[in-house]
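The values are calculated or read from the model by the stated rules, or taken from the named source; none is laboratory data. Just so we're clear, the structure is a prediction, and the values are computed from it rather than from any experiment. Here the Cβ is made from the backbone with ideal geometry for all residues, glycine too, and neighbour counts use every protein chain on show.
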Amino acid sequence: MVEKIKVIKSTSIPIMRDNIDTDQLIPKQFLKNILKTGYGKNLFYDWRYEKPHQPNPDFILNKPERQGAEILIAGDNFGCGSSREHAVWALKDWGFRVVIAGGYSDIFYMNSTKNGFLAIILPKDQRDFLASAPADAEITVDLPNQEVRYQGRAFHFEIDPLWKHKFVNGLDDIAITMDYKQQIEDYEASIPSFD
């Protein structure tokens with residue numbers, strides 16, 4: 001099971017760069033942990049720190065007024081590069097629940113959906129409008145209605161109905177398989193024994 005996503009109202013962080021790759025999201029030297037937690041402190045490490053663990057005060061993730069944001073707004077081709085699932089784990093561990101970009105690498109998108117992390121595609125003009133939101137302004141992501149809303153404007157986004165069902169109901173692949181538990185047990189019982 002993963003956390004359900006229905007309506008998220010949150011402040012946001014805009015990092016309007018194109019081609020943010022997985023090595024920028026979580027550099028390779030931090031991939032030693034086999035758990036899905038503990039990566040958030042190293043998210044955007046090379047941009048976030050001037051020296052080892054000395055925060056760059058100019059980088060947006062380090063600004064006090066931006067803490068607690070659950071929505072990341074980015075450029076095109078987000079999550080390109082290597083296939084590391086750790087990139088999604090780092091985003092989630094930092095506290096993001098949604099990223100809104102112009103597009104994603106296929107592998108990053110699939111890693112997001114498998115980990116209950118909502119990746120939304122919106123065109124540049126809509127993302128630019130959302131990125132202009134002040135640090136204390138809330139943006140609403142309404143998954144059941146497939147809308148992102150801010151300042152009276154609503155932007156529709158597409159999502160595969162199966163992924164939408166999984167997010168809204170907090171289901172992962174294992175939970176969906178368990179819905180078929182009785183059928184699986186019936187099938188297994190029907191297999192002849194060769195004892």
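Listed conditions (1) under 20 Å from SER10 (Cβ atoms); (2) hydrophobic (A, V, I, L, M, F, W, C); (3) modelled with pLDDT under 95 are all met by LEU162, apart from (1).
Of these, GLN29, GLN54, which one is more than 16 Å from the chain's Cα centre (by Cα), of a type outside the set (D, E, K, R), modelled with pLDDT under 95 and over 22 Å from CYS80 (Cα atoms)?
Values: GLN29 fails: over 22 Å from CYS80 (Cα atoms).
Just one listed residue meets the conditions, GLN54.
Contact map, the range 175-190: first residue outside any helix (DSSP H, G or I), second residue surrounded by 10 or more Cβ atoms within 10 Å (Cβ to Cβ) and among the aliphatic types (A, V, I, L, M), Cβ cut-off under 9 Å, separation 6 or more or different chains; pairs are ASP179/LEU171. Could you tell me which residue of the range 165-185 is modelled with the lowest pLDDT, considering only residues that are more than 18 Å from the chain's Cα centre (by Cα) and of a type in the set (D, E, K, R)? Step by step, filter the range 165-185, then rank; the result is ASP179.
Please specify each residue of the range 124-169 satisfying the condition of being among the charged types (D, E, K, R) and part of a helix (DSSP H, G or I).
Applying the first criterion (among the charged types (D, E, K, R)) to the range 124-169 yields 124-125, 127-128, 136, 138, 142, 147, 149, 153, 158, 160, 164, 166.
Result: LYS124, ASP125, ARG127, ASP128, LYS164, LYS166.
Being under 16 Å from ILE26 (Cα atoms), out of contact with any Gly (no Cβ under 6 Å at 6 or more places or on another chain) and at pLDDT below 95, is that true of even one residue in the range 116-129? There is no residue in the range 116-129 that is under 16 Å from ILE26 (Cα atoms), out of contact with any Gly (no Cβ under 6 Å at 6 or more places or on another chain) and at pLDDT below 95. Candidates GLU188, GLU158: the one that is under 17 Å from the mean Cα position of the chain (by Cα) and at negative phi is GLU158. Taken as a whole, the condition of being under 12 Å from the mean Cα position of the chain (by Cα), over 20 Å from ASP128 (Cβ atoms) and either outside any helix (DSSP H, G or I) or not basic (Lys, Arg) (or both) applies to ILE5.
Could you say whether any residue in the range 104-126 is surrounded by 19 or more Cβ atoms within 10 Å (Cβ to Cβ), under 24 Å from THR37 (Cβ atoms), of a type outside the set (Ser, Thr, Tyr) and in contact with a Cys (Cβ under 8 Å, 6 or more places away or on another chain)? Yes, some residue in the range 104-126 is surrounded by 19 or more Cβ atoms within 10 Å (Cβ to Cβ), under 24 Å from THR37 (Cβ atoms), of a type outside the set (Ser, Thr, Tyr) and in contact with a Cys (Cβ under 8 Å, 6 or more places away or on another chain). Cβ separations smaller than 6 Å between residues 6+ apart or across chains give the following pairs from the range 146-164 residues that are farther than 23 Å from ALA133 by Cα to residues that are surrounded by 15 or more Cβ atoms within 10 Å (Cβ to Cβ) and not charged (D, E, K, R): TRP163/THR113.
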